Amino acid sequence: MARVPILGLFEDPNYAAEAGDALQRANISSRDYDFLTDAPYPEGAFGERHESHRLYVFPFVGALIGLTVGVLLTSMTQMAYPLVQGGKPILSLPPMAVVTYESTMLSAIIFTIIGILFESRLPKMKMGLYDTRITEGYIGVLVTTEEEQLSEVSGILTQAGAVDVVRET
């Protein structure tokens, strides 16, 4: 049993939302359909599921790694080359603070960028089913379903007001 995508194109966002409701009533899992638009609609405008993310973890982990690297780098350098100057301690905190701060910020920023790419699922090697009319203002409802349900899903999308229903060739 192969899962195949089908795309319904809508001119009106209300019809796209109705299609989402109709798919839900037909017991199609909310993980099996998604809304594609060219404009940013408010979250939940089509009744879609809430997408959770873990982006906040990446900068936190990056900052911890940077802090650890900064402390180790400065303390190990000062211990490897001990220069006693006027009776001051070998491990001096003010210069360590500057390097530690910079390494913490740098690694937090790098991990944030990596997190954005990871959470955005980029780069996407295979685009999947798409229609260029979505960039012209249409709203796409992309449904991934079993081959046996293709005609049922196509009927649901058409009844909800789809201008066109596209199947993968």
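The values are calculated or read from the model by the stated rules, or taken from the named source; none is laboratory data. Note that the structure is a prediction, hence the values are computed from the model and not measured. In this analysis, Cβ positions are derived from the backbone assuming ideal geometry, glycine residues included, and neighbour counts consider all displayed protein chains.
Laid out as a table, the results:
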| quantity | calculated |
| --- | --- |
| Matching entry among Val71, Val61, Val84 (being in contact with a Phe, Trp or Tyr (Cβ under 7 Å, 6 or more places away or on another chain) and assigned by TED's automatic domain parsing to the domain that holds Ile113) | Val61 |
| Every residue from the stretch 37-67 that is of a type in the set (Lys, Arg) and exposed (fewer than 10 other Cβ atoms within 10 Å of the Cβ) | Arg54 |
| Some residue of the stretch 17-28 being exposed (fewer than 11 other Cβ atoms within 10 Å of the Cβ) and out of contact with any Leu (no Cβ under 6 Å at 6 or more places or on another chain) | yes |
| Sole exception among (1) more than 27 Å from the chain's Cα centre (by Cα); (2) modelled with pLDDT under 90 for Gly155, by number | (2) |
| Criterion: at negative phi and modelled with pLDDT under 90 - qualifying residue of Ser30, Ser75 | Ser30 |
| Residue within the stretch 85-98 that is crowded, with 16+ Cβ neighbours inside 10 Å and assigned to a loop (DSSP other than H, G, I, E, B) present | no |
| Close pairs (6 angstrom Cβ cut-off, 6 or more residues apart or separate chains): closer than 17 Å to Leu67 by Cα in the stretch 78-95, in a loop (DSSP other than H, G, I, E, B) anywhere | Gln78/Ile90; Gln78/Leu91 |
| Odd one out for Leu55 among (1) within 16 Å of the chain's Cα centre (by Cα); (2) at positive phi | (2) |
| Scan of the stretch 55-76 for residues that are part of a helix (DSSP H, G or I) and aromatic (Phe, Trp, Tyr), ordered by number | Phe58, Phe60 |
| Subset of the stretch 102-143 [surrounded by fewer than 17 Cβ atoms within 10 Å (Cβ to Cβ), within 19 Å of the chain's Cα centre (by Cα) and either under 15 Å from Arg167 (Cα atoms) or hydrophobic (A, V, I, L, M, F, W, C) (or both)] | Ile109, Ile110, Ile113, Ile114, Ile116, Leu117, Phe118, Leu122, Met125, Met127, Gly128, Tyr130 |
| Residue check, Gly8 out of contact with any His (no Cβ under 7 Å at 6 or more places or on another chain), small (Gly, Ala, Ser) and under 30 Å from Ser103 (Cβ atoms) | no |
